[in-house]
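S.K.: Below: one structure in structure tokens.
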Amino acid sequence: MVTIASQPTLIDNVPVPVTDEGPFPRTPDSNWWWEVVGGHLEVLLSAADYSDLDQLKALSFFYRWVTPRLGPKPISPEAIWKSFMTDDHSPIEYSWKWGFGDSAPEVRYSIEPIGHRAGEALDPLNKNATSDFLAQLCRSGQIGIDLEWFVHFKHALLGPGTPASEAGVTRQSTLFVAFEMTGGSLGVKAYFIPVDAHGNSAGDQISKAIVSTGYPNLAAMNQLNSFLRDDVYGRTVKPFMLGIDCVSPADSRLKVYSRSLVTNFELVRRVMSIGGRRKDVMEAEKQLHTLWKLILNLPDDFPTDRELPYNPHETAGLLFYFDVAPRSQLPDVKVYIPVRHYAPSDDVAARGLVQYLKSQNQGAYAQQYLETLRALAKKDDMSTSNGLQTYISCAYKKSALVVTSYLNPQCYHPSWFAAP
């Protein structure tokens, strides 16, 4: 059992919001998530130089609205509901988006709300908790969100007549929610994971759902489909998830998340340029290749067509998203490098990242980041552990990279359950 004595003391300095208790009463489960994950969030916000007021707003929202929806607190290294959010099934993941120059990073987090009946016959895919959460949040007026596309895509990808609605469907995660905290405001995103079926792949379902929005300009989607169908590397890339912003459809992104089991840099180069369709990316590509070698500890002469060491995990391979919003002619692309699977250790990945950022005059918060990793790390030595950092993502911005680090709270790490 997890005990208070085994938990970090970081939470001691987190101000408990002086508000009503929100839509749910407090329970031992929600209190555990507040003490542990709330403590992590406070560390991240403080390290990223969020003002006291912005920290309080973010923590108050997390306390009232999020902690009651994270499900049962961990009681053993095996999760009751095996969330696809992280490899150890923790239902939350943090991210740290690096700024340019001396600008401060942005802190975000993603969650899978877990319902009381998740995995049971009434809710085998844990769909109800996310729908209820967003509906209550919308009615509350706490933040401005638009659920038009959420309703559309939930019906198109998870509703009646889809593989997700079939009897006997295997338990899996299907809905995530994410929050971006910038300038005192909170942005909300939603993610849909359709059930892959023979003759009706997740990618086909996502493409049909996007077409069914009725938007006339789907040029970016058409370019993506052409690349995935006709390019030798593109054919290895398989869509599995769709992400949207909970804003007016005219302003939302449509992010098609996809994975390839190919792990060489030639694939990365090809996908990031959409098979050569995106021009003027050579300088950014060089930067990405430099970062790739640093965080994975590869020698300078490591061939770009050589695969990384084989890893059989279901989340191994390379992850990408393609933003195919109707306003775009070509998809915007981001690559997620899974340092969890391919870097020698958390320490090597972190130091390689910091070395790169400092070389680009983006290292103003490097020391805070390293200290944050040490604060969040479990008892394992970061020089031998993998798992705290899950991905390092990159998108091209002219000749530079937009870089984001993703972190796992490791809620099911064995050290939580060790005797004091």
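Every number here is computed from the coordinates shown, using simple stated rules; none is lab data. Everything quoted here is computed from the prediction, not taken from an experiment. Every residue, glycine among them, receives a Cβ derived from its backbone with ideal geometry; neighbour counts consider all protein chains shown.
S.K.: Residues with beta-carbon under 14 Å from that of Phe100, excluding Phe100: net charge, scoring Lys, Arg +1 and Asp, Glu -1?
M.R.: Residues near Phe100 contribute +2 overall.
S.K.: To continue, here is another question. Quick one: among Gly243, Gly352, Gly168, which has the greatest mean-square fluctuation in a GNM of the chain with alpha-carbon springs under 10 angstrom?
M.R.: Result for the chain, Cα springs under 10 Å: Gly168 fluctuates most.
S.K.: Let a ≥ b ≥ c be the square roots of the eigenvalues of the Cα gyration tensor of the range 288-412; is it rounded (a/c under 1.5), or, if not, prolate (a/b larger than b/c) or oblate?
M.R.: Rounded.
S.K.: Let me ask something else about it. Please list, or write none, the aspartates and glutamates whose alpha carbon is within less than 17 Å of the alpha carbon of Lys358, excluding same-chain residues fewer than 8 places away.
M.R.: Asp102, Asp347, Glu371
S.K.: Which three extents, in whole angstrom, do the alpha-carbon atoms of the range 4-417 cover along their principal axes, largest first?
M.R.: Principal extents (largest minus smallest coordinate, Cα): 54, 50, 38 Å.
S.K.: Mind sorting Met85, Met282 by how few other Cβ atoms lie within 10 Å of their own Cβ, fewest first?
M.R.: Met282, Met85
S.K.: Quick check on the range 148-284: take the gyration tensor over C-alpha atoms, sort the square-rooted eigenvalues as a ≥ b ≥ c, and tell me if it's rounded (a/c under 1.5), prolate or oblate.
M.R.: oblate
S.K.: Next question, about the same structure. Cα-Cα over 20 Å: which of Lys334/Lys397; Lys238/Lys334; Lys286/Lys397; Lys82/Lys238?
M.R.: The pairs that break the limit, which is 20 Å between Cα atoms, are Lys82/Lys238.
S.K.: Express the relative contact order of the range 4-417 as a whole percentage, based on alpha carbon pairs under 8 Å and six or more residues apart in sequence.
M.R.: 17 percent
S.K.: Give me the net charge of Trp32's neighbourhood, meaning all other residues with Cβ under 14 Å from the Cβ of Trp32; Lys, Arg count +1, Asp, Glu -1.
M.R.: Here the charged neighbours net out to +1.
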